[in-house]
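Below: the structure, in structure tokens.
The values are calculated or read from the model by the stated rules, or taken from the named source; none is laboratory data. Note that the coordinates shown come from a computational prediction; the quantities given were computed from them, not determined experimentally. No Cβ is skipped: glycine too gets one built from the backbone with ideal geometry, and neighbour counts run over all protein chains shown. These area figures cover heavy atoms from the full protein model, side chains too; ligands, DNA and RNA do not enter into them. Shrake-Rupley method; radii C 1.70, N 1.55, O 1.52, S 1.80 Å.
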Amino acid sequence: MSARPEQRKDPVDAIIGQWARERPDLDTTAMEVFGRVSRLARAMGDRMEKAYAKYGISRGEFDVLATLRRSGEPHTLSPRQLSATLMLTTGGMTGRLDKLERAGLLRRSPDPHDRRGLQVTLTEQGLRLADEALGAGLALQTQALSALDEERVEQLADLLRELLLATEE
């Protein structure tokens with residue numbers, strides 16, 4: 001699956017070339033795919049982190065705000081629901097919630113249906129910030145995808161969906 005002669009080479013091509021020289025018996029196709037997915041995720045993650053920093057939040061904190069935002073009115077979830085959605089430990093979630101609450105972006109209150117539970121709700125300020133940061137992040141992602149035409153973007157999304165589903169089974 002190596003780059004065709006007319007294609008530009010990327011760092012993964014260099015790695016694959018080294019393996020081809022050292023271990024020509026190996027099929028490195030999977031390494032080509034996952035190496036690129038990993039590098040792309042890291043590069044875009046770094047860009048997203050910078051975009052969210054302009055709003056005074058980290059990528060992880062944006063994830064909390066975005067999860068509450070997309071939950072719909074009244075933008076309220078329990079810490080347990082947030083932890084499960086974001087695949088975080090309760091300790092990791094507590095740290096994020098503490099910082100976001102101090103910044104006035106969310107509030108914690110007793111759960112009226114469970115005396116032992118809490119609810120986490122976006123504040124108006126948190127809602128505005130989540131929407132602004134979401135727009136900035138989507139603009140970055142859209143810009144990155146502009147390297148491909150619309151049909152190829154759809155194909156890529158479909159292929160990645162298939163691969164993700166296959167790895168989560």
Model label zone, LEU163; criterion: amide N under 12 Å from point 7 Å along Cα-to-beta-carbon; scope region 10-39: 29-39
Rounded, prolate or oblate (a/c below 1.5 giving rounded, otherwise prolate when a/b exceeds b/c) for region 8-47 by Cα gyration tensor: prolate
Can you grab the distance from the C-alpha centre of region 48-78 to the C-alpha centre of region 132-168, Å, no decimals? 19 Å
Sorted by chain and then number, the residues having a modelled amide H within less than 5 Å of the amide H of ILE57, at least 5 places away or on another chain, are none
Evaluate the relative contact order of the chain (contact order divided by residue number), counting alpha-carbon pairs under 8 angstrom at least 6 apart; express in whole percent. 18 percent
Directionally averaged projected area (convex hull, Cα atoms, region 102-169), nm²: 8.2 nm²
Restricting things to Cα coordinates, could you compute the convex hull volume per residue of region 53-146 in Å³? 101 Å³
Pairwise over distinct Cα atoms, reciprocal of the mean inverse distance: report the Kirkwood radius of the chain in Å, one decimal place. 18.9 Å
Stretchable slack from LEU156 to ASP27, in nm (0.36 nm times residue separation minus alpha-carbon distance): 44.2 nm
Heavy-atom accessible area per residue of region 9-60, all protein chains kept, 1.4 Å probe, expressed in Å², is 68 Å²
Counting only protein heavy atoms, what percent of the accessible surface of the chain is carbon or sulfur at a 1.4 Å probe? 54 percent
Long-range HN-HN contacts of GLN119 with modeled amide H, under 5 Å: SER109, ASP111
